[in-house]
1. For a quick check of understanding: with a 1.4 angstrom probe and all protein chains in place, what accessible area in square angstrom does Leu191 have, to the nearest ten?
2. Could you check what % of the DSSP bridge pairs in the chain are antiparallel, to the nearest 5?
3. Does segment 164-209 come out rounded, prolate or oblate by the C-alpha gyration tensor, with a ≥ b ≥ c the root eigenvalues, rounded set by a/c under 1.5 and, if not, prolate when a/b is larger than b/c and oblate if not?
4. Magnitude of the Cβ-charge dipole of the chain, K/R +1 and D/E -1, about the Cα centre, nearest 20 debye?
5. HN-Hα J couplings of segment 226-238 from phi, Karplus 6.51/-1.76/1.60, θ = phi - 60°, integer Hz, Gly and Pro as x?
6. Could you state the per residue volume, in Å³, of the convex hull enclosing the Cα atoms of segment 52-144?
7. If Rh is defined by the Kirkwood formula over all Cα pairs and Rg also comes from Cα, what ratio Rg/Rh do you get for segment 375-425?
8. Sorted by accessible area with a 1.4 angstrom probe, largest first, how do Met80, Met327, Met132 fall?
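The values are calculated or read from the model by the stated rules, or taken from the named source; none is laboratory data. Predicted, not measured: the structure shown is a model, and the values here were computed from it. Every residue, glycine as well, gets a Cβ built from its backbone with ideal geometry; the counts of neighbours run over all protein chains shown. Just the protein is used for accessible areas: all its heavy atoms, side chains included, with ligands, DNA and RNA removed. Shrake-Rupley method; radii C 1.70, N 1.55, O 1.52, S 1.80 Å.
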Amino acid sequence: MILLMLISCDMQTEQSQKPPSPGENPSQPNQETSDITQQFKTGNVIFIHPDGSGASMWGAMRLLKVGPDGETNWDKMDHMGLYRSHQVNSTNSSSHAGATVHAFGVKVPYNTYGIHPDRPIKSLSGKDYSIMVEAQKAGMAVAIVNSGHICEPGTGVFVANSAQRKNTDTISEQIINSGVDIILSGGEELLLPEGVTGYFGVSGKRKDGKNLIEQAKKNGYTIVYNRKELKALHVTTKKVFGIFAASHTFNDIPEEALAKQGLPMFNSEAPTIAEMTKKALDILTFQRKQFLLVVEEEASDNFSNANNAIGALTALDRADDAIGEAMNFIKSNPNTLLITAADSDAGGMQVFNVRDPEAFNKPLSRTQENGAPNDGLEGTGSLPFVAKPDKSGQELRFGICWASDSDLAGAIIAKTHGLNAELLPNNVDNTDIYRLMYITLFGIELPNK
């Protein structure tokens, strides 16, 4: 159970003597949530989902970014708990089932994208829709940000659903018509009809003939296509749709394939997940409304599934920068909760040491003795990684080995920072992410069913 926290009488008196500030929810508990036990402090919620990031991946990223004795933004967050990712029919979670649990607060079958095949999913609050839709209906601002394409479930499930994840025509149309205030992602090819070439020079894939970019304009969205246009966007813009790539904003293939094809890991003109997060926060702040912002760094998962170690670690570094932007926001907006959690340990990344100085300038072996594949700085059979200096100035060497190319149930850590952060339990069920968001948005604790 998430720890119950009583609001003191003097705080209740103080709040009753002044109007609510931006981000506070003045509404009373909903009649549909009648088993409420206490009122809680309310405010904004930022949920950052670094997809596929297990504990070992965070440790490896720390080595590269700040060294073994340094602290990443993630390290500096207030509270942490060990996350349990199981679903109703699986010890592991898929990305779409994991996102559905976060959005609805109930466990679901492995192949679920926001809906059961024959009926809606009833959320933990008793609604037939997600926490983001419930926030919208309560008058809050909402935003989704993803480094992957628009239909990636980490954000998409919060406002769309389909019996099959592959039904991108249906999912993307629901997102465009969802009324979300800010949508930032890739995926232009999923928004255009077959035969229509878009901004990025790629033909559309839609089989229904619909042009959803034109539909987005009719829905009142201002469209931006790159980092420069996003940065130039004024914070007074009410509805924003950023389309930053034909598909993902990254190229999720092995290191060797990237080198052979001359492709970068990340598209240079696309904003980073941190830049997208900051701009979303700037615009949401100007609206002076309570808000829910859901952010996903998809590349940390996809590169891990491709067993591309430097790609995965670079992506997680970018996710850590987004966490830093959210933490900076909380400094001046303390009525905000930041939550971060993955729903799987993609690839099962592990760190192994390279201690012999004679091995520092030699390619790593291709596999461990048990056959597990190894990765160096530039892929299989390349030099070891070099960590940033430790406290004594040493630059330690290491390699990466992989357990799989799938999403595993390894050691996943949830963390919180800011408002209500102390309510995160030490043992975090995946449904607790929803419950903690709900407490902070609506001021009420739902039963842990």
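1. 0 Å²
2. Working: 28 of 61 bridges.
In the chain, approximately 45 percent of DSSP beta bridges are antiparallel ones.
3. In terms of gyration-tensor shape, oblate.
4. For the chain, the charge dipole is close to 960 debye.
5. 3J(HN,Hα) across segment 226-238, in whole Hz: 7, 4, 4, 5, 5, 5, 7, 5, 6, 5, 7, 4, 7.
6. Spread over its residues, the Cα hull of segment 52-144 gives 140 Å³ apiece.
7. 1.17
8. On the way: Met80 100, Met327 25, Met132 0 Å².
From most accessible down to least: Met80, Met327, Met132.
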